[in-house]
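Read through the structure below, which is laid out as structure tokens, and then see the notes.
The values are calculated or read from the model by the stated rules, or taken from the named source; none is laboratory data. What you are looking at is a predicted structure, and each value in this text was computed from that prediction instead of being measured. With ideal geometry, Cβ positions are generated from the backbone for all residues, glycine too; neighbour counts draw on all protein chains shown.
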Amino acid sequence: MELIFIGIVVFILVGALLLVVVGLRDANRGDPLQKRLEEFAARGEKASLEEIELSQPFSERVLLPLARRFGEFVTRFTPQNALQTTAHRLELAGNPRGVDPTIFWTSRFLMAFLFGGLFIFLFTVGLRDWSWIRKFLVVAIFMVIGFFIPELLLTSKINRRQKEIRKAMPDALDLLTICVEAGLGFDGAMAKVTEKWDNELSLAFARALKEMQLGKLRREALRDMADRIGLPEMTSFVAAVIQSEQLGVSMAKVLRIQSDQMRVRRRQRAEEEAHKAPIKMLIPLALLIFPSICIVLMTPALIMLMQSALRGVLFGN
């Protein structure tokens, strides 16, 4: 029985390793087989398709296909609505390392099985005096924790990205305003922002520009950009730009108004965070600082009482 549990844990660890290999793979590398064909063609060498496939790394030939198949197996039992929601959340996070919904849901199940398998292994090696109900509850709780860890990491990534974009928006709108007033078009002004800065907002602008260059309408590209960011400020900015384009209003005037509004909102958020600071400080004060102060102040007094004549009255014999 112990060997079965150990085998399960080893299988889960191998699956987690496959997931790490796929997750850390750069999504922009393209088809590795096509790259191998191009390399052989550039060198002028003749090789069969089998030789080209065998020249690929072991991870490309074995690990990645296994991980993909495991992900496809997992997605069969995942509702389509959940996959669409996950795809949208990955867009909000900026598509970290090219992770797709299949890999993300695979990571959730693997983390759950990993946590559960580790505790099964611990219960098998030690803690044998625990009842089966107690073991089952502990394993179930940690499997649920492992299942939600990737979701928590994704939420943290979304919040960090949105915070960075929200912080950069007023300065970016100022640069857009200056460029438009200098005679550039709105697309050229967005291109200047992508040239001057390297942050999440400039990457979002660069993607919208590429979509417009590929033939998508400006309003559709801007709306898709706002959906991928998920901030009310960006949604209102895109709506104002589209409305000014449709009504013929001066783009520079609209951008200046939007920039002023963004700065007001940023100042209001800073004031809100400043007002929340005293409340957030209560927890470390009550749990860490006050007990330490009490220990430092009360310990000398207790030592003096123990050495005084009142020791017998206070502490007995």
message: Looking only at segment 161-188, count every residue that is free of Cβ contacts under 8 Å to residues at least 24 places away in the same chain and more than 26 Å from the chain's Cα centre (by Cα) and tell me the total.
response: 8
- prompt: Any idea which of (1) farther than 27 Å from residue 84 by Cα; (2) modelled with pLDDT of 85 or more; (3) touching a Lys or Arg at 6+ places or on another chain (Cβ under 7 Å) is the one residue 244 doesn't satisfy?
  reply: (3)
Hey, residue 146 outside any helix (DSSP H, G or I) and either over 21 Å from residue 88 (Cβ atoms) or under 29 Å from the mean Cα position of the chain (by Cα) (or both) or not: no
message: Looking for something exposed (fewer than 10 other Cβ atoms within 10 Å of the Cβ), assigned by TED's automatic domain parsing to the domain that holds residue 187, out of contact with any Ser or Thr (no Cβ under 9 Å at 6 or more places or on another chain) and part of a helix (DSSP H, G or I) - is there at least one such residue anywhere in segment 247-254?
response: yes
task: Determine if segment 123-135 includes at least one residue that is among the polar types (S, T, N, Q) and either touching a strand residue (DSSP E or B) at 6+ places or on another chain (Cβ under 6 Å) or in a helix (DSSP H, G or I) (or both).
output: yes
message: Please count how many residues of segment 121-144 are out of contact with any Lys or Arg (no Cβ under 7 Å at 6 or more places or on another chain) and surrounded by 14 or more Cβ atoms within 10 Å (Cβ to Cβ).
response: 8
- line: For helices (runs of 4 or more DSSP H) lying entirely in segment 176-244, having 1 or more residues that are out of contact with any Leu (no Cβ under 8 Å at 6 or more places or on another chain), surrounded by 16 or more Cβ atoms within 10 Å (Cβ to Cβ) and not charged (D, E, K, R) picks out 200-213, 218-229
query: Would a scan of segment 302-317 turn up a residue that is closer than 30 Å to residue 186 by Cβ and either out of contact with any Lys or Arg (no Cβ under 6 Å at 6 or more places or on another chain) or surrounded by 15 or more Cβ atoms within 10 Å (Cβ to Cβ) (or both)?
result: no
message: Quick check on segment 108-126. Is at least one of its residues among the basic types (Lys, Arg), touching a Pro at 6+ places or on another chain (Cβ under 8 Å) and under 30 Å from residue 199 (Cβ atoms)?
response: yes
- prompt: Residue check, residue 165 against (1) in a loop (DSSP other than H, G, I, E, B); (2) more than 23 Å from residue 250 (Cα to Cα); (3) not charged (D, E, K, R), all met but one. Which one?
  reply: (1)
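Every residue, every condition in (1) assigned by TED's automatic domain parsing to the domain that holds residue 238; (2) at pLDDT 90 or above, yes or no:
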position	(1), (2)
121	no, no
135	no, no
153	no, yes
167	yes, no
171	yes, no
183	yes, no
197	yes, no
204	yes, yes
